[in-house]
Amino acid sequence: MVILAINTAARACDLALVGAGTLLAETKEDMAKGQDARLPGAVSEILMQAGLEAGELDRIAVVCGPGSFTGVRIGVAFARGFALALGIDCVGVTSLEAASPVERAAAHRVALIARQRPPDISFWTQDLSGAGASGPAEERPLDQVTGPLPVYSDRPDLLEGARPCAPAAVTAARRAEALTPGRHPARPVYVRAPDAALPARP
């Protein structure tokens with residue numbers, strides 16, 4: 001199975017192609033905005049890098065959050081539209097699943113920084129194991145992140161004993177092969193409402 005994974009949930013345009021669990025190609029460009037304009041060209045380039053045509057893809061995986069509100073929407077919309085055009089499955093992988101070490105079979109918790117301005121430091125968390133997530137993504141304050149489970153985090157400096165990790169398209173692609181599309185839909189996972197709000201009507 002050849003899987004294209006897309007991750008624009010953070011400040012990057014991160015793509016990976018995986019076939020039978022083997023990395024075929026990957027690319028990552030740091031960018032705070034503009035992923036919507038960059039994605040079509042980036043997908044064409046990574047397919048060319050792997051020597052593949054779009055019609056050879058079997059599945060598309062997209063990192064669906066939590067993360068940047070706009071970035072999540074861009075990635076999900078593009079992935080769903082591309083999959084529809086190709087007539088293939090599209091699955092959603094949370095940012096925490098995309099950060100969890102694939103080789104880790106035992107139960108653990110992934111914690112990604114959500115709010116980092118003291119005193120309101122919080123993390124998005126999700127408990128996982130080799131069998132997948134054992135619950136939904138949620139937001140926890142700093143003092144409620146650690147517990148009996150080993151913790152992997154993008155900010156291990158804030159969590160005693162935590163091991164480093166980060167969301168990646170290649171991890172999303174490797175996890176996506178075992179996911180059932182109907183049970184892992186490609187739709188945004190926000191956990192909480194966006195910080196920005198539309199102005200109230202007069």
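The ellipsoid that matches the Cα gyration tensor of the stretch 86-202 has semi-axes, each √(5λ) in whole angstrom, of 24, 23, 11, with the longest given first. Taking 0.36 nm per residue of separation and subtracting the Cα-Cα distance, full extension of the segment from residue 28 to residue 149 would add 40.5 nm. Taking the Cα centre of the chain as origin and assigning +1 to Lys and Arg Cβ atoms and -1 to Asp and Glu Cβ atoms, the resulting dipole is close to 500 debye. For the chain, the longest principal axis of the Cα atoms and the long axis of helix 35-50 meet at an angle of about 60 degrees. Size descriptor for the stretch 108-164, Kirkwood hydrodynamic radius: 11.3 Å (Cα pairs only, one decimal). Close amide H contacts of residue 24 (hydrogens built in the peptide plane, cut-off under 5 Å, sequence separation of 5 or more or a different chain): 17, 18, 19. Ranked from largest, the principal axis spans of the Cα set of the chain equal 54, 49, 30 Å.
Every number in this text was worked out from the coordinates using simple rules, so none of it is lab data. Note that this is a predicted model, so its numbers are computed, not measured. Cβ atoms come from the backbone with ideal geometry, glycine included; neighbour counts cover every protein chain shown.
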